[in-house]
Amino acid sequence: MTHSANSANQVPRLGLRENWRQFALLVVVNAFVGAMVGSERVVLPLVAQSDFGLASRAAILSFIVSFGLVKAGANLFAGRLGDRVGRKKVLIAGWLFAVPVPFLLYFAPSWAWIVLANVLLGINQGLAWSTTVIMKIDLVGPRRRGLAMGLNEAAGYGALSGAALLAGYLAGDYGPRSALLFIGGFSAAAGLLLSAVFVRESQSHAQVEARGRTPSDRPFREIFWLTSWKDRTLFSVCQAGMVNNLNDGMAWGLFPLFFAAGGLGLREVSILGALYPAVWSVVQLATGALSDRWGRKSLIVSGMLLQGAAILSMTMTTGFLPWALASALLGVGTAMVYPTLLATIGDVAHPSWRGSAVGVYRLWRDGGYALGAVLAGLTADALGVRWAIGTIGALTVFSGLLALTTMRETLPARQAAPAGGELPTAPEMT
């Protein structure tokens with residue numbers, strides 16, 4: 001029997017060390033996913049004003065609404081489809097939707113083309129990012145989920161930050177459309193190549209984790225309501241994720257306009273636009289692992305409260321340095337929350353329906369982009385940008401307090417259970 005045949009018959013082993021090559025490859029793939037959206041982060045709201053003459057903040061933020069709604073739906077579809085047909089096929093499909101995006105942005109004769117490009121980008125982000133998350137959870141098993149999610153999100157948002165900064169500098173030298181074409185085109189090509197040729201299917205790892213555990217073949221409708229509402233911890237995770245991306249959607253659409261109106265130049269705006277996701281990315285390397293030691297709830301609650309305080313401080317200060325400090329604190333707060341929320345889903349959900357549960361969570365989380373863009377745009381048009389930012393900050397504080405009162409800690413219960421054990425998911429109404 002050949003070595004390849006022996007390898008094919010081996011039972012997959014769970015763990016970060018055992019699967020580090022595939023895990024590292026998925027980290028790189030997710031970096032390209034982040035770079036796709038990062039290229040738009042600073043320059044596209046400014047392009048809306050300079051190239052298309054949009055004055056209404058609600059109209060400018062329409063591309064984030066389309067992106068958020070489509071990404072939310074794609075997340076849900078990715079999780080369920082990944083459980084049914086396998087993860088790799090969904091990942092490749094996500095990258096195929098990314099290929100036209102940079103060309104649509106570059107050649108767009110009207111704002112409708114920009115909105116269409118962000119519909120395709122939303123599908124790409126929903127399918128590809130969700131799938132890399134699920135595959136990493138599959139590979140590492142139950143013991144290092146926080147660290148795995150920290151590494152995953154650090155790669156994605158580190159690349160997002162770097163792409164945002166690079167796009168700002170390229171836009172100054174070559175024009176904003178060229179910057180979008182260069183960064184987006186390279187990221188889409190590299191992500192598709194790596195996913196199609198080198199990434200391996202991980203569903204068998206989830207099947208190994210599920211062995212020896214009570215079967216949990218739930219219909220999707222039950223998974224949806226359990227994750228969204230009936231289980232109070234999963235509800236807490238979903239609402240915190242939604243508000244987190246609600247404030248991120250506001251930051252994406254309004255911060256560049258807010259900073260520019262405050263007298264900052266394009267490169268200063270680019271630095272501030274990149275600083276928040278950069279801090280978010282780096283600090284996640286620590287917070288994901290810390291959640292495996294300290295627990296999930298304390299990081300989620302304190303992170304949401306810190307985010308809210310940082311956003312509110314933006315409205316009370318003026319100038320590059322105060323805004324840089326507030327952006328850094330916003331990044332720290334987001335880093336405390338983001339990987340920990342995903343790790344909590346992994347704690348609670350049975351491996352047989354975990355992909356679906358992650359999809360439901362990411363439906364609500366990324367729906368926050370659309371909700372944040374609509375709320376921020378309408379409030380900015382009615383009351384001004386500063387009031388819109390303050391409103392989102394107050395909602396973020398409220399979300400943290402809601403998590404404090406409704407969420408239960410998942411880590412000690414998981415450690416007390418047998419390896420790979422599932423937390424009880426009693427249908428508690430919140």
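Relative to the longest principal axis of the Cα atoms of the chain, the long axis of helix 145-174 makes an angle of roughly 30 degrees. Within a straight-line Cα-Cα reach of under 18 Å, residue 89 can be paired with the following aspartates and glutamates, leaving aside sequence neighbours fewer than 8 residues apart in one chain: 138, 201. Here the stretch 22-128 yields Rg over Rh of 1.02, to two decimals, using C-alpha coordinates and the Kirkwood radius. Spatial offset of the stretch 293-352 relative to the stretch 85-106 amounts to 29 Å, using the alpha carbon center of each. Where only DSSP H runs of four or more residues are counted, the chain gives -26000 deg cm²/dmol as its mean residue ellipticity at 222 nm, each run worth -39500 (n - 2.57). How tilted is helix 232-261 with respect to the longest principal axis of the chain? Cα atoms for both, answer in degrees (0 to 90, nearest 10). Approximately 20 degrees, to the nearest ten. Shown in residue order for the stretch 203-208 are the 3J(HN,Hα) couplings computed by the Karplus curve 6.51 cos²θ - 1.76 cosθ + 1.60 at θ = phi - 60°: 4, 5, 5, 5, 5, 5 Hz (x for Gly and Pro). Look at 300, 183 and count the other Cβ atoms within 10 Å of each Cβ; fewest to most, that gives 183, 300. Here the stretch 16-54 is scanned for amide nitrogen atoms under 17 Å from the site 7 Å beyond the Cα of residue 169 along Cα-to-Cβ, giving 35, 38-43.
Hey, fewest Cβ within 10 Å first, where do 88, 136 land in order? Can you show the working numbers first?
Details: 88 18, 136 25.
Least crowded to most crowded, the residues run 88, 136.
Between helix 130-140 and the chain there is an angle of about 40 degrees, using the helix long axis and the longest principal axis of the Cα atoms. Shown here is the pair-distance distribution of the chain: with all Cα-Cα distances grouped in 20 Å bins from zero up to the longest one, the shares run 29, 58, 13, 0 percent.
For the stretch 142-208, chymotrypsin sites (Phe, Trp or Tyr not before Pro) are listed when DSSP marks them as loop and at most 16 other Cβ atoms sit within 10 Å of their Cβ; the list is 198.
Please order 138, 231 by the number of other Cβ within 10 Å, starting at the fewest. Show your work: numbers first, answer last.
Numbers: 138 29, 231 25.
So the residues, fewest neighbours to most, are 231, 138.
Would you list the P(r) distribution for the stretch 41-85, with all Cα-Cα distances sorted into 10 Å bins from 0 and each bin expressed as a whole %? For the stretch 41-85, the pair-distance distribution reads 25, 34, 21, 15, 4. Of all lysines in the structure, the ones whose alpha carbon falls short of 25 Å from that of residue 88, not counting any fewer than 8 places away in one chain, are 71, 136.
Order these peptides, 339-349, 382-392, by their mean beta-carbon neighbour count within 10 angstrom, highest first.
Values: 339-349: 27.6, 382-392: 18.5.
Averaged packing, sorted descending, gives the order 339-349, 382-392.
Taken together, the values in this text are just the output of simple stated rules run on the coordinates, not laboratory data. These figures come from a predicted structure and were not determined experimentally. Note that we place each Cβ from the backbone using ideal geometry, even for glycine, and neighbour counts take in every protein chain shown.
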